[in-house]
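J.: One structure, pasted below without further comment.
The values are calculated or read from the model by the stated rules, or taken from the named source; none is laboratory data. Please read all numbers here as calculations on a predicted model, not as lab measurements. Using ideal geometry, Cβ is built from the backbone for each residue, glycine included, and neighbour counts are taken over all protein chains shown. Remember, those area values only see protein heavy atoms, side chains included, never the ligands or the DNA or RNA. Shrake-Rupley method; radii C 1.70, N 1.55, O 1.52, S 1.80 Å.
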Amino acid sequence: MSPDQDIDHAISAASLVLAVLAALYTLWLGEVTRALDAPVAADRDNRGGARKLVRQALLTKAAPLFAASLAAAAIMVPRSWSIVMQAALHGRGTPFNDVKAFFLLTAVLLAILCWVSCGQILRLRKKARDLET
């Protein structure tokens, strides 16, 4: 695959997906934060509400966001790799291409969102374990 093939369509689609995922992250951050901040009651029998809150945030917010951002980033890997390899092979001999640069930036931002949502999953899982003990 040539990195230039339909790159305008690819960057439009990637930017749209990034915008939607960023909006979902913003909308869901409050619920994830509430779940992470839920107090661990001393009495194990009084932790049901916190357990439900953590489980719900994990299954309906953090995990879907991670899966979607991972899928989007994975879709971008082949073209991103081609762009990077093309730049490495041709070096400074080719003119700067802002569309390719923005494509790579979008891929990096999606990877960051994937990383952040993975961190949320790990913290929510730790919180769930804390609530079980």
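J.: Would you pick out the residues in region 8-21 that are in contact (Cβ under 8 Å) with a residue 12 or more places away in the chain and open to solvent by 40 Å² or more (accessible area, probe 1.4 Å)?
T.: So in region 8-21, the residues in contact (Cβ under 8 Å) with a residue 12 or more places away in the chain come out as 8, 10-11, 14-15, 17-18, 21.
Hits for region 8-21 are D8, S15, V17.
Each row is one residue, and each column tells you yes or no for (1) crowded, with 18+ Cβ neighbours inside 10 Å; (2) within 15 Å of I11 (Cα to Cα).
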site: F66; (1), (2): yes, no
site: I75; (1), (2): no, yes
site: M85; (1), (2): no, no
site: L89; (1), (2): no, no
site: C114; (1), (2): yes, no
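J.: Across region 88-132, what is the total count of residues that are outside any helix (DSSP H, G or I) and either touching a residue at least 40 places away in the same chain (Cβ under 8 Å) or closer than 30 Å to V20 by Cβ (or both)?
T.: Filtering region 88-132 for residues outside any helix (DSSP H, G or I) gives 94-97.
With the extra rule that they be either touching a residue at least 40 places away in the same chain (Cβ under 8 Å) or closer than 30 Å to V20 by Cβ (or both), the set shrinks to 96-97.
Of the residues in region 88-132, 2 are outside any helix (DSSP H, G or I) and either touching a residue at least 40 places away in the same chain (Cβ under 8 Å) or closer than 30 Å to V20 by Cβ (or both).
J.: Does region 29-61 hold any residues that are part of a helix (DSSP H, G or I), open to solvent by less than 70 Å² (accessible area, probe 1.4 Å) and without any contact (Cβ under 8 Å) to a residue 60 or more places away in the chain, and which are they?
T.: As a first pass, look at region 29-61 and keep what is part of a helix (DSSP H, G or I): 29-37, 44-46, 48-61.
Filter again for open to solvent by less than 70 Å² (accessible area, probe 1.4 Å), leaving 29-33, 35-36, 48-51, 53-54, 57-58, 60-61.
Across region 29-61, the qualifying residues are L29, G30, E31, T33, G48, G49, L53, T60, K61.
J.: What pairs come out if I take residues in region 62-80 that are on the phi < 0 side of the Ramachandran plot and pair them with residues that are assigned to a helix (DSSP H, G or I) and among the polar types (S, T, N, Q) whose C-beta lies under 8 Å away, six or more apart or interchain?
T.: Pairs that qualify, where the first residue is on the phi < 0 side of the Ramachandran plot and the partner is assigned to a helix (DSSP H, G or I) and among the polar types (S, T, N, Q), are A62/S117; A62/Q120; L65/S117; L65/Q120; F66/S117; F66/Q120; S69/S117; M76/T106.
J.: Here is a follow-up. Being under 15 Å from D6 (Cβ atoms) and of a type in the set (G, A, S) is the filter here, so list the residues in region 75-92 that pass it. Break it down into steps so the answer makes sense when it comes.
T.: Restricting attention to region 75-92, the residues satisfying the condition of being under 15 Å from D6 (Cβ atoms) are 75-76, 78-80, 82-83.
Residues satisfying the conditions are S80, S82.
J.: What number of residues within region 92-117 satisfy the criterion of being over 16 Å from L24 (Cβ atoms) and of a type outside the set (F, W, Y)?
T.: Qualifying residue count, region 92-117: 15.
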